[in-house]
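The values are calculated or read from the model by the stated rules, or taken from the named source; none is laboratory data. Predicted model only: the values in this text are computed from it and were never measured. Note: ideal-geometry Cβ built from the backbone for every residue, glycine included; neighbour counts use all protein chains shown. Areas reflect the complete protein model, heavy atoms only, side chains present, ligands, DNA and RNA absent. Shrake-Rupley method; radii C 1.70, N 1.55, O 1.52, S 1.80 Å.
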Amino acid sequence: MKQNKLNFKQWFVENTKILLNKLTVQTESVRTYTLLDGTKVIEPFSKTPIIAAILLVLSIISWNVTNVNLGDLISRFPNFFSILYQMTDPRWAYYERVIGPMLDTIQMSFLGSLIGALLALPVAFLSASNINKNKYVLSFARFFLSLVRTLPVLVYAAILTLAFGFGVFAGTVAIGIFTFGILSKMMYENIETVDLSAYGAIEATGASKPKAFVTSVFPKITPAYLSYSLYSFEINIRYAAILGYVGAGGIGLLFDDRMAWRRYEDVAILIIMLFVVVFTIENISRYLRKRLS
Amino acid sequence: MIKFDKVGKTYPDGTVALKEVSLEIEQGEFVAVIGLSGAGKSTLVKLINKMIGVTKGTLTVNSIEVNNELKGKRLRKFRRKIGMVFQAFNLVGRTSVIRNVLAARVAEMNFVESLLGLYSKDDKIKALEALDKVGILEKAYSRADQLSGGQQQRVALARTIAQDPSIILADEPVASLDPITANQVMKDFERVNKDLNITVIANMHHVDMALKYARRVIGIRDGNIVFDGPSDKVNEDLLKEIYGRNITDEDIMFKDEDEAEQIEF
Amino acid sequence: MNKNLTVQEMFEKQPKHHLAIILTILVIGSLTLWSLSAISVPAISEGGITIVKSIFKALIDPNRDWLFTLRPIGIPQQMLETVAIAFLGTILGAILALPLAFLSSRNITGRFYSFIGILSVTMIRTFPVFVLGLMFVRVTGPGPFAGVMTIGLASIGMMTKLYVESIEDIDKGVIEALDATGANTLQKIRYGIIPQLSANFISNSIYRFEINVRNATILGLVGAGGIGSTLIWAMSAYRWRDAAAALWGIIIVVLVIEFISTRIRRKLASAE
């Protein structure tokens, strides 16, 4: 027993030393190993402990800033399950009220995706470094796109409802802007992978520049363009579902209302219906995208 | 000492890989197992550390019986003394060479140490010594996937050496290497066998390699041992019996005699 | 003669895409018409135009005092809170996604358990972020802590999916080799699986952090902390210069984080 304790102490002291050295100085003497035949090997300096330390410091800061309180969490977490439990008994009759707003949501995301997709293509060409050789226009287009992508859909929707009034239109435009932002980026990255030698070859046959462009570049990017557009539509349903929260139409309004009244049995219906719609659209879209590639 | 006493292996799907094999291997031998693919040579090797379980007869390794009773903690403890080298090297490509070698020490470490990856200085020196023995000490801190195939197989060999094994099993150790590097790797096996008195048992597809480096050859055909003796006793007739046909280019690594000669120097 | 026939044959054999193209146009066209039927384009009112004008004016001239002050209600503090929510949320999500990912990987647990894993992840994913936010506000009370929990749970879906992809193409040989050295199951995971995955895991987590910062900017709308509450309050009070300050706060922080994240991930990818 005593032997064991001593060993543990030795082990602890030695490992603490190693750990401290790793975390702090990592002096060369610690990193040097002498082999039996006298060869000395120096272990390279490891960045891992420094990265770990930085992450630890950031976590502690975040922990304090966000007032994380584990005691509260443990004592009040059962509330979360009680909410979930109330959702296990959905009020099926509520579905009639959901259908209309759900169709609005689908229409919003479809039209928004379409608008975004149409606007994205020209800007994508403008932002592709192999097509647009003008450096200034290129950087400006790309900067503009990153600016568009920084703001969340909900913020666009909130601003647009102020301009256009509450309703589906503001939501559609918000979805359109969002789709435009992400689709342009995906498309210009795709266009940059296109080999432009065919363009030169067709131009050499005497075709005009735009004609050569349409016949050489378009066929190569069309599958990706359709596939990305479908993908945008697929993810937009989820975004469109929350836009109603700021008054931009769709089922978000119902979510807000039912949550406010703590009618979790209705919220359950909303979630189930949203699940069915998202699942259906995702699978159709995935099937189509697979056929495209 | 490894002792097979009427050992047989039948797979769950009914395939009989080994019929009834009896043989003894003394500490420090260098044994090559040869035969056609599917003859049971891989099975024979993998039975020894119970990567595959025996279904018939008794197999004892260093006076421990390798049977169904040997499992869990006892099996793991048993395996620590037996190193294994694979055809595909089985290294973690993304991590450094020394970390791959140190993985052999993991089984000896306690829970906390192994979870945090706190290797002791002794372990690190042991790993470096192992790398020194196979001649790639200078690659210790390179990433494993930046090494050539031959170097990777040496790392794998170093990993088993760092385990302090009394036996090293090798499953087609040079089959995916080119002839020149294959020779170099086999030389490392030879040195480890002689210098450290570790038993080496390798199943090998290439007859010329087996005859060149192993001192004892076991020929297997259809799950039976058809030859067991010193490698210099193996002649063309015997090979014909083991393979059931003439030796073809497929079965040897050096198709060209001159090429083989050049390697010697 | 013979050759002519082949050309003729080949001409007739050319793949007929027309049908697919016509069908596609028809489907998209009718969906568009159907969608348009529901959406009436409102005439922009006088008020609307003034609002849009004021917003643009404010974006050029935001409330600088707010944007640069270090006082608790200032934009820097709010953004710090937003990023902190995203950071802890990402760590929470990464930790929660790990066991789910192992459960959902076919090559680890087999068909049955992986199905259960995928099913539970799909169920979690169905909850829209802000519904989760509202639920957590009721559990922990309003504030950034609820935001951390929300972001954590909302991250599970995507992170699990990305993890599963990398777990499903690991090299099992390493595990076999560790088995042969006598390592136990936990050690096999720690030394055989995790080293193969860590680069991917880190890259995915950084990517998700980037998304989470954007998500965290809207959590304030439901009272779950971050800059969103300030933004919405300023907008509903028509205080455009304050709202613009918040928008600039979001834009700057998101751009900086995107820049850093892309660089780190590119470095990780080139080290592959």
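Can you tell which of C:ILE55, C:ILE73, C:ILE49 is out of contact with any strand residue (DSSP E or B) (no Cβ under 6 Å at 6 or more places or on another chain), of a type in the set (A, V, I, L, M), assigned to a helix (DSSP H, G or I) and surrounded by fewer than 12 Cβ atoms within 10 Å (Cβ to Cβ)?
C:ILE49
Which ranges mark the helices (runs of 4 or more DSSP H) fully within the stretch B:87-191 that have 1 or more residues being closer than 24 Å to C:GLN187 by Cβ, away from chain C (no Cβ under 12 Å) and more than 13 Å from the chain's Cα centre (by Cα)?
B:97-102, B:121-133
Condition first: open to solvent by 30 Å² or more (accessible area, probe 1.4 Å), under 16 Å from the mean Cα position of the chain (by Cα) and not aliphatic (A, V, I, L, M). Can you find one or more residues in the stretch A:186-196 that meet it?
no
Across the stretch C:226-250, what is the total count of residues that are under 21 Å from A:VAL65 (Cβ atoms), open to solvent by 10 Å² or more (accessible area, probe 1.4 Å) and either of a type in the set (A, V, I, L, M) or within 11 Å of another protein chain (Cβ to nearest Cβ) (or both)?
Result for the stretch C:226-250: 2.
I need the helices (runs of 4 or more DSSP H) fully contained in the stretch A:1-115, keeping only those with at least 1 residues that are aromatic (Phe, Trp, Tyr) and either on the phi < 0 side of the Ramachandran plot or at pLDDT below 85 (or both).
Result: A:2-23, A:48-65, A:70-87.
Can you report the number of residues in the stretch B:141-169 which are open to solvent by 10 Å² or more (accessible area, probe 1.4 Å) and under 24 Å from C:ALA271 (Cβ atoms)?
Going through the stretch B:141-169 one residue at a time, the tally reaches 12.
Go through (1) open to solvent by 30 Å² or more (accessible area, probe 1.4 Å); (2) at pLDDT 90 or above; (3) farther than 18 Å from A:SER62 by Cβ and name the single condition C:ASN204 misses.
Failing condition for C:ASN204: (1).
Criterion first (polar (S, T, N, Q) and closer than 26 Å to B:HIS205 by Cβ) does B:THR58 satisfy it?
No: the conditions fail for B:THR58.
Having 2 or more residues that are open to solvent by less than 30 Å² (accessible area, probe 1.4 Å) and assigned by TED's automatic domain parsing to the domain that holds C:LEU221 is the bar; report the helices (runs of 4 or more DSSP H) wholly within the stretch C:88-159 that clear it.
So the answer is C:111-126, C:129-140.
Is it the case that the stretch B:66-83 has a residue that's touching an Asp or Glu at 6+ places or on another chain (Cβ under 8 Å), at the interface with chain C (Cβ under 9 Å from one of its Cβ atoms), part of a loop (DSSP other than H, G, I, E, B) and open to solvent by less than 70 Å² (accessible area, probe 1.4 Å)?
yes
Out of (1) over 16 Å from the mean Cα position of the chain (by Cα); (2) on the phi < 0 side of the Ramachandran plot; (3) open to solvent by 10 Å² or more (accessible area, probe 1.4 Å), what's the single condition that is false for A:ALA174?
So A:ALA174 meets the others, but not (3).
Can you pull out the helices (runs of 4 or more DSSP H) entirely within the stretch A:207-293 that have at least 3 residues that are of a type outside the set (A, V, I, L, M) and open to solvent by less than 30 Å² (accessible area, probe 1.4 Å)?
The helices (runs of 4 or more DSSP H) meeting that bar are A:218-243, A:264-292.
Would you check if there is a residue in the stretch A:88-97 being more than 9 Å from chain C (Cβ to nearest Cβ), over 26 Å from C:ILE251 (Cα atoms) and surrounded by 18 or more Cβ atoms within 10 Å (Cβ to Cβ)?
Yes, the stretch A:88-97 has at least one match.
Somewhere in the stretch B:227-243, is a residue on the phi > 0 side of the Ramachandran plot and open to solvent by 70 Å² or more (accessible area, probe 1.4 Å)?
no
Is it fair to say B:LEU23 is touching an Asp or Glu at 6+ places or on another chain (Cβ under 9 Å) and either open to solvent by less than 20 Å² (accessible area, probe 1.4 Å) or farther than 28 Å from B:PRO230 by Cβ (or both)?
It is true that B:LEU23 is touching an Asp or Glu at 6+ places or on another chain (Cβ under 9 Å) and either open to solvent by less than 20 Å² (accessible area, probe 1.4 Å) or farther than 28 Å from B:PRO230 by Cβ (or both).
Quick one: in the stretch C:160-184, which of the residues that are open to solvent by 40 Å² or more (accessible area, probe 1.4 Å) and without any contact (Cβ under 8 Å) to a residue 12 or more places away in the chain is nearest to C:ARG214 (Cα to Cα)?
Out of the qualifying residues, it is C:GLU165.
Using the structure shown, decide if B:LYS194 is more than 14 Å from every other protein chain (Cβ to nearest Cβ), within 24 Å of B:SER42 (Cβ to Cβ) and surrounded by fewer than 23 Cβ atoms within 10 Å (Cβ to Cβ).
Spelling it out, it is not the case that B:LYS194 is more than 14 Å from every other protein chain (Cβ to nearest Cβ), within 24 Å of B:SER42 (Cβ to Cβ) and surrounded by fewer than 23 Cβ atoms within 10 Å (Cβ to Cβ).
Residues are listed down the side, and each one gets a yes or a no for (1) of a type in the set (Phe, Trp, Tyr); (2) modelled with pLDDT of 90 or more; (3) on the phi < 0 side of the Ramachandran plot:
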{"position": "B:SER37", "(1), (2), (3)": "no, no, yes"}
{"position": "B:GLY40", "(1), (2), (3)": "no, no, no"}
{"position": "B:LYS46", "(1), (2), (3)": "no, yes, yes"}
{"position": "B:SER63", "(1), (2), (3)": "no, no, no"}
{"position": "B:VAL66", "(1), (2), (3)": "no, no, yes"}
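Go through the stretch A:30-69 and report how many residues are within 10 Å of another protein chain (Cβ to nearest Cβ), over 30 Å from B:ILE136 (Cα atoms) and open to solvent by 50 Å² or more (accessible area, probe 1.4 Å).
Here the count works out to 7.
Only one of (1) modelled with pLDDT under 90; (2) more than 9 Å from chain A (Cβ to nearest Cβ); (3) in contact with a helix residue (DSSP H, G or I) (Cβ under 9 Å, 6 or more places away or on another chain) fails for C:ILE22. Which number is that?
Here C:ILE22 meets the rest and fails (3).
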